[in-house]
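S.K.: Before I ask anything, let me first share the structure, which is written out below as structure tokens.
The values are calculated or read from the model by the stated rules, or taken from the named source; none is laboratory data. As the structure is a prediction and not an experimental result, all values here were calculated from the model. Please note: Cβ atoms are built from the backbone with ideal geometry, for glycine as well, and neighbour counts cover all protein chains shown. Each accessible area value is taken on the protein alone, full model and side chains, heavy atoms only, with ligands, DNA and RNA left out. Shrake-Rupley method; radii C 1.70, N 1.55, O 1.52, S 1.80 Å.
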Amino acid sequence: MNKNDIAVIMAGGSSTLLKSANSPVLAKVLGQPMIQSVTEAALLSGIERLAIIVPSGDTQIRSLIKKEFPDADIEFFEQSVPLGTAHAVLAAQESIEAVKDGNVLILNGDTPFIDASTINSAYVLHTAMQNDATVITATVTKPFGYGRILRDANEHFSGIVEEADADSSTKKITEISSGTYWFKSDVLLNALHNLSPRANGHFNLVDVISNVIRSGMKADTFFAPNSDIILGANDRIQLMELNEYAKMQTIQYHLSAGVEIPYSDGVVIEKGVQIGTDTCILPGTIIKGKTVIGKNCVIGPNSVIEDSVIGDNVKLNQTQCEQCIVKSGANIGPFVHIRPNSVIGDSVHLGNFVEVKNSNIDTGTKVSHLTYVGDSDVGKRVNFGCGTVTVNYSGKAKYRTTIGDDVFIGCNTNLVAPVTVGNGAYTAAGSTITEDVPEDSLGIARARQVNKIGWKVKK
Amino acid sequence: MNKNDIAVIMAGGSSTLLKSANSPVLAKVLGQPMIQSVTEAALLSGIERLAIIVPSGDTQIRSLIKKEFPDADIEFFEQSVPLGTAHAVLAAQESIEAVKDGNVLILNGDTPFIDASTINSAYVLHTAMQNDATVITATVTKPFGYGRILRDANEHFSGIVEEADADSSTKKITEISSGTYWFKSDVLLNALHNLSPRANGHFNLVDVISNVIRSGMKADTFFAPNSDIILGANDRIQLMELNEYAKMQTIQYHLSAGVEIPYSDGVVIEKGVQIGTDTCILPGTIIKGKTVIGKNCVIGPNSVIEDSVIGDNVKLNQTQCEQCIVKSGANIGPFVHIRPNSVIGDSVHLGNFVEVKNSNIDTGTKVSHLTYVGDSDVGKRVNFGCGTVTVNYSGKAKYRTTIGDDVFIGCNTNLVAPVTVGNGAYTAAGSTITEDVPEDSLGIARARQVNKIGWKVKK
Amino acid sequence: MNKNDIAVIMAGGSSTLLKSANSPVLAKVLGQPMIQSVTEAALLSGIERLAIIVPSGDTQIRSLIKKEFPDADIEFFEQSVPLGTAHAVLAAQESIEAVKDGNVLILNGDTPFIDASTINSAYVLHTAMQNDATVITATVTKPFGYGRILRDANEHFSGIVEEADADSSTKKITEISSGTYWFKSDVLLNALHNLSPRANGHFNLVDVISNVIRSGMKADTFFAPNSDIILGANDRIQLMELNEYAKMQTIQYHLSAGVEIPYSDGVVIEKGVQIGTDTCILPGTIIKGKTVIGKNCVIGPNSVIEDSVIGDNVKLNQTQCEQCIVKSGANIGPFVHIRPNSVIGDSVHLGNFVEVKNSNIDTGTKVSHLTYVGDSDVGKRVNFGCGTVTVNYSGKAKYRTTIGDDVFIGCNTNLVAPVTVGNGAYTAAGSTITEDVPEDSLGIARARQVNKIGWKVKK
């Protein structure tokens, strides 16, 4: 790639087929909006400028792309009326004109498996052979609906025939156009300006290719070895198929890398996730975002891990966690929720209805039951009694709780923040601790027991 | 249909094949006993009188049907000994005689996909053509086990041959009898009374059809375009296949209607459920009964929703709820159980080990952790501290808790019902509130903290 | 079998293909390491002596087998360098020599579906026909990778050809060697000592068979009707396929026995589990180990049951339990964890964020919300208030809590063990009970409520 190359991503379609209020390119495959996958592939291929054709009045695509790729050079153009693919590209005329001596890549915003490698290999062919236009093609077993690739007696590329225009022998051709193209930018601009509309008033890129061939310019094909790049969804049933296909692909990727996944049921691993060898992923487990998991862990069943870093030998049983760090040897679950900005130290145990939020819990601490640790800094080897609550919210502001090493927190203790419990200190069960407890001391705040003998009978 | 038409549902079989203590027609497909689906289809078709043939001594089928269709005109007849399908129908002789100038529909209690549309279309043909008997047929790829439809050189219906009686060419016929029939009632009664038993002593409806044809009366077929209507289960493996088939059918129905279901794993949506567009159903989620879910929700993973009404933009994460209302914008979970007779207001947050029962929780209230709200009426914008318990049971009776707007309940508070906390009031963490707290006041009930300095060392 | 028969199990391979740090025979199928399944099959067939060939330096296989089969007569031999299957068997020379007039069974440690019935039937043939060597064979649709069975014009066994040595017509043979053999022990020893290495320096059992045939001794085949016995995994993708196959096999086994499993999604039932008729297993449920479940239960969704005994009519909803007993009519969940050494009595209710550990809970007791019962003996018809904690750990030792019959424990009560609450006694909500409460008495330990009127405004 060089500075004069640009990608134009077609994302102007409407969601009639998906019956959605949102653009179809925002439909997710394996947790990621399709337009994001396509944009990512273009950027990873080395293209530095992008133009995205969005529906009239779009805010959602723009805000997604700006959020995900804040530093990329991306311009947005609206397609005022839907008059075909060539008409859509023309919306980006201004951006294409800026790279007049370069090349234009046309991508579809709803083909989530397009990848940088295919884009690059096609570019190498396109530029090395000095093609005016290069169509990326693939071979599929079910070509229905795709433009078929025509070849002459010498196997030279001689045109694309759309489904509607194909006769029965043409329909049998299994090499199809992916709808992804490289053009010399001046060739493309010139062709777009001279294109005649079809009977329905539409301007289509297939006709641009025909014109290039007819005018004697050089059009050729790049055959994509990975036919997944053409996959898209025309309705939500196909969209589920794409998702289930992508789900199995990442499962097989991790199996091949040494991860143990005994059953695929309900296991969803998003694309960017890393998992160490001999880690076992149990059914019903969804692993999302930029999560990194170490070796020899047992994750699941029925867990959700998002954007978290998990060490080695960690057990996460029936646990949800997001944006947290869980260090090696931690034993978490069942029924635990670790919320953002939490660091769970080595060999910590959290289990049985425990929630942690925005807290640091150091090595070897145990939080075994029915406890909420929020906005807290907790030392090593602390034992939390069952039912402990860090009272972090006064109704107006949030405050932190600080607990030293080797502290023993009694059951059903309230720690009213801001408060500090010193190293080696104890709190008595059932106490509401509102003042600091010094090191090695006992904080107690409860009434003495009275037995009303025979109370039941009297009552 | 008119007042003289009646449906006879065959539900007298035993469960040898399913190895169950219960009748096979009580086996569930997509959460509904098969006999219930068949009865529902008959009633939806407009038939006003039903006779159900049940096993000798049955109470389960009777009580199910009476509970589900309390207002329907349904009589039950026992088949004393199992002597074939015609013998079973004869058990309902009394009901059939009451409609002597009408028509009788014979249905099987274990074909859960029979539908009102097929019944009605067959009825239209049956009556318009003045047939004496009309067999509902379908074409299947695997006809094994079904009665095959014979046709003469003019393609006229000429008989049914059962599997056991079929020669090899007959076995190849793929048009089969569904075992569902329309008869003129007098024709049926007459035929039943004059039927000869088979070698094994059984009286079969197939032979009734033969007799009708042989005696020169008019027997014809109605071809059901939806071959699902014949599906049944001879064993539990087939029953699981029926369930998984029905599960995929409803998933595809909702996908086609604009619901997002990225993966089908563990997603079970029962037949009567309604879901709005762009709502996403995540894996491991079971939606049952008469549930209605709005638009743009995220439901699941690993949730169970039963007979509930959910608004728009609701999040239900790892939540179980039944017979409740959750209004728009509510953010529920993970790990929440909402029990019957609860109304969760707009934008309420329930999360992290929270149970709600028989309570109203108004707009914007937050119940964030480890809390039980039972038999309570809670106002707007209330903040529940972690570990709050509404003490609704005295050991003898249940009482209600009333909480006004803008109340702040401290952590680990007991609210001993009956009790009222006024608008804007506070309760201190760790308090057991036994008396009403007036508006804007603070209720506190706890001992003062004492620190026993150096207690650990002394101990 | 007699005392002079021995099985040699090949478990010396390395995990290059599985990309694991552990031996491939430790990979699990349906929760059980493959070497354990193979060892179990050998022992169940009646063989009393086993030799297992392990990798150099192994500790994991040894410790697993010793733990699972503590009383079996099993010797371990290390294969110092991997020089082929015959070389591996020779490592056990010492054990084989001890049974010189007996027979040797060669088993592969990574074929988890080998069964005692196949081993025994092959043995009967092997000894009855006085074979010198007997190859267990099977027919498969995809023979690729397996040794093909050659037969002469009279259909007599004439050799095994490995994949690498097979020509195109041999490759089409679908009868394959399972790699499991019976040998007369002296024949085997003699053949092993006289075996020539292959070009790559390896000594293979296939060549032992060739030598036996060539030398005119009697080699024949035993055709295994169950071709599953040959199944193994060369990589983790195949390992997942084995798991999913085994998962469906046990599901179908239980369906055939009268268990209701409406959907297979996420349902994993390990091999030794027993389940009564009409019990329903819902999606996302894993049942492990030696679990026994009674009749008419509803188990799941999303539950994990391990090594537990469950009575009849039990409901386990979204529950994890291990090594516990749950008696008939108990209603458990959602969100419950029952830990080892717990006995949950008839008709007990545990539900909504309840953990039980090392406790006995007697008939009809209710623990309805947010409670931890640990190290406790609880009587009949006790009502636990929400938020009850048995304070079983002093920071130094664990103590037991004893609760009589018909006790009413108030909400958010701490029971500081060792402590006894007598029959019919009450504790007041919010009390920390440190001393015994006599029968029919009320234990109370809390401060009186004070309302600070207008506190919010002043503040």
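S.K.: Using only Cα atoms, locate the centre of the range A:20-67 and the centre of the range C:85-101, then give the distance between them in Å, rounded to an integer.
M.R.: Distance between centres, Cα-based: 66 Å.
S.K.: Once you keep just the Cα pairs under 8 angstrom separated by 6 or more residues, what percentage relative contact order results for chain A?
M.R.: 8
S.K.: Tell me, what ³J(HN,Hα) does each residue in the range A:315-324 have, in order and in whole Hz, if you take phi through Karplus 6.51 cos²θ - 1.76 cosθ + 1.60 with θ = phi - 60° and put x for Gly and Pro?
M.R.: With coefficients 6.51, -1.76 and 1.60, one gets 10, 10, 10, 6, 10, 10, 8, 9, 6, 9 Hz.
S.K.: Loop-only trypsin sites (Lys or Arg not before Pro) in the range B:155-235, please: DSSP not H, G, I, E or B, and at most 10 other Cβ atoms within 10 Å. Please list the in-between numbers first.
M.R.: Working: sites: B:LYS171, B:LYS172, B:LYS184, B:ARG198, B:ARG214, B:LYS218; in loops: B:LYS172, B:ARG198, B:LYS218.
Answer by residue number: B:LYS172.
S.K.: Report the trypsin sites (Lys or Arg not before Pro) located in the range A:1-80 that are in a DSSP loop and have at most 13 other Cβ atoms inside 10 Å of their Cβ, or state none.
M.R.: Working: sites: A:LYS3, A:LYS19, A:LYS28, A:ARG49, A:ARG62, A:LYS66, A:LYS67; in loops: A:LYS3, A:LYS19.
Filter output for the range A:1-80: A:LYS3.
S.K.: Have a look at B:ASN296, B:VAL354, B:PRO262 and report the one farthest towards the positive end of the charge dipole of the range B:236-443, computed about the Cα centre with Cβ charges (Lys/Arg +1, Asp/Glu -1).
M.R.: So the residue furthest toward the plus end is B:PRO262.
S.K.: Loop-only GluC sites (Glu not before Pro) in the range B:125-169, please: DSSP not H, G, I, E or B, and at most 14 other Cβ atoms within 10 Å.
M.R.: Sites meeting the loop and neighbour criteria: B:GLU155.
S.K.: Another one. When a/c reaches 1.5 or more, the comparison of a/b and b/c decides; with that in mind, is the range A:64-112 rounded, prolate or oblate per its Cα gyration tensor?
M.R.: oblate
S.K.: Across the range A:235-244, in residue order, what do the Karplus-derived ³J(HN,Hα) couplings come to in whole Hz, using 6.51 cos²θ - 1.76 cosθ + 1.60 with θ = phi - 60° and x for Gly and Pro?
M.R.: After applying 6.51 cos²θ - 1.76 cosθ + 1.60, I find 8, 6, 5, 5, 5, 5, 4, 4, 4, 5 Hz.
S.K.: What whole-number value in Å² describes the accessible area per residue of chain B for a 1.4 Å probe?
M.R.: Here the per-residue accessible area is 38 Å².
S.K.: Quick one: grab the alpha carbon gyration tensor of the range A:6-230, order the square roots of its eigenvalues as a ≥ b ≥ c, and give me rounded if a/c is under 1.5, else prolate or oblate depending on whether a/b is larger than b/c.
M.R.: Since a/c stays below 1.5, the shape of the range A:6-230 is classed as rounded.
S.K.: Could you tell me which residue out of A:ALA88, A:GLY454, A:PRO334 lies farthest along the dipole of chain A toward its positive end? Charges go on the beta carbon: Lys and Arg +1, Asp and Glu -1, centred on the Cα centre.
M.R.: Highest projection toward the positive end goes to A:GLY454.
S.K.: Further, regarding this structure: Express the carbon and sulfur contribution to the solvent-accessible surface of the protein assembly as shown as a percent, rounded to the nearest whole number, probe 1.4 angstrom.
M.R.: Carbon-and-sulfur percentage of accessible area, whole number: 50.
S.K.: Mind running the shape call on the protein assembly as shown? Use the C-alpha gyration tensor, a ≥ b ≥ c as the square roots of the eigenvalues: rounded below 1.5 for a/c, prolate if a/b tops b/c, oblate otherwise.
M.R.: Rounded, because the longest to shortest axis ratio a/c is under 1.5.
S.K.: Local charge sum around C:VAL212 (other residues, Cβ-Cβ under 15 Å, Lys/Arg +1, Asp/Glu -1)?
M.R.: -1
S.K.: Any of B:LYS67/B:LYS184; A:LYS396/C:LYS458; B:LYS327/C:LYS456; C:LYS290/C:LYS380; C:LYS67/C:LYS396 with alpha carbons more than 21 Å apart? Name them for me.
M.R.: Violating the 21 Å limit, Cα to Cα: B:LYS67/B:LYS184; B:LYS327/C:LYS456; C:LYS290/C:LYS380; C:LYS67/C:LYS396.
S.K.: Could you tell me how far the Cα centroid of the range A:282-352 sits from the Cα centroid of the range C:183-240, in Å?
M.R.: Their Cα centres are 46 Å away from one another.
S.K.: Quote the total accessible area buried by chains C and A together, excluding ligands, DNA and RNA, probe 1.4 Å, nearest 100 Å². Could you put the intermediate results ahead of the total?
M.R.: Values: alone 21750 and 21730 Å², together 39240 Å².
Roughly 4200 Å².
S.K.: If the only charges are +1 at each Lys and Arg Cβ and -1 at each Asp and Glu Cβ, what is the size of the charge dipole of the range C:236-443 around the Cα centre, to the nearest 20 debye?
M.R.: It works out to roughly 400 debye.
S.K.: Once Lys and Arg get +1 and Asp and Glu get -1 on their Cβ, which of B:ALA199, B:LEU105, B:MET34 lies farthest toward the positive end of the dipole of the range B:6-230?
M.R.: B:ALA199
S.K.: In whole Hz and in residue order, list the ³J(HN,Hα) couplings for the range A:447-459 that follow from phi through the Karplus curve 6.51 cos²θ - 1.76 cosθ + 1.60, θ = phi - 60°; x for Gly and Pro.
M.R.: With coefficients 6.51, -1.76 and 1.60, one gets 7, 6, 7, 10, 9, 9, 5, x, 4, 4, 5, 4, 5 Hz.
S.K.: Rounding to the nearest 20 debye, state how big the charge dipole of chain C is about its Cα centre with +1 on each Lys and Arg Cβ and -1 on each Asp and Glu Cβ. Write down the numbers at each step before the final one.
M.R.: Working: 39 positive and 48 negative charges, 452 e Å.
Once rounded to the nearest 20, the dipole reads 2180 debye.
S.K.: Using a Förster distance of 35 Å, how high is the FRET efficiency between B:GLU162 and B:ALA128, based on the Cβ-Cβ distance and rounded to 0.05?
M.R.: Approximately 0.75, to the nearest 0.05.
S.K.: Give me the inter-chain shielding for B:433-445: mean count of other chain Cβ atoms within 10 Å, whole number please.
M.R.: Per residue, the average neighbour count from other chains is 6.
S.K.: Tally Lys/Arg at +1 and Asp/Glu at -1 over every other residue whose Cβ is under 12 Å from the Cβ of B:MET240; what's the total?
M.R.: Summing Lys/Arg as +1 and Asp/Glu as -1 gives -2.
S.K.: Another question about this same structure. Sum up the charges of everything whose Cβ sits under 13 Å from the Cβ of A:ILE96, counting Lys and Arg as +1 and Asp and Glu as -1, but leave A:ILE96 out.
M.R.: Charge balance near A:ILE96 sits at -3.
S.K.: Along Cα→Cβ, 7 Å out, is where each label goes; now give me the distance between the ones at A:GLN274 and B:SER14 in nm to one decimal.
M.R.: Taking the simple label geometry, A:GLN274 and B:SER14 are separated by 6.5 nm.
S.K.: Roughly how many debye, to the nearest 20, is the charge dipole of the range A:242-339 about its Cα centre, given +1 on each Lys and Arg Cβ, -1 on each Asp and Glu Cβ, and no other charges?
M.R.: Around 180 debye, computed over the range A:242-339.
S.K.: If I fit a long axis through the Cα atoms of helix B:205-214 and take the longest principal axis of the Cα atoms of chain B, what angle between them do I get, 0 to 90°, rounded to 10?
M.R.: 30
S.K.: Another question, then. Assuming R0 = 30 Å, can you tell me the calculated FRET efficiency for the pair B:GLU48 and B:VAL81, based on Cβ-Cβ distance, to the nearest 0.05?
M.R.: Between B:GLU48 and B:VAL81 the formula returns 0.50.
S.K.: If you don't mind, another one. Taking the alpha-carbon centroid of each part, what is the distance from the range B:106-182 to the range A:123-159 in angstrom?
M.R.: 52
S.K.: Using 7 Å Cα-to-Cβ label points, what is the A:ALA199/B:ALA257 separation (nm, one decimal)?
M.R.: 3.8
S.K.: Counting only residues 5 or more places away or on other chains, whose amide H sits under 5 Å from the amide H of B:VAL304 once H atoms are built in the peptide plane?
M.R.: The list, which skips near neighbours in sequence, is B:ILE286, B:THR319, B:GLN320, B:CYS321.
S.K.: If r is the Cβ-Cβ distance from C:ALA397 to B:ALA21 and R0 is 60 Å, what FRET efficiency results, to the nearest 0.05?
M.R.: The calculated FRET efficiency here is 0.75.
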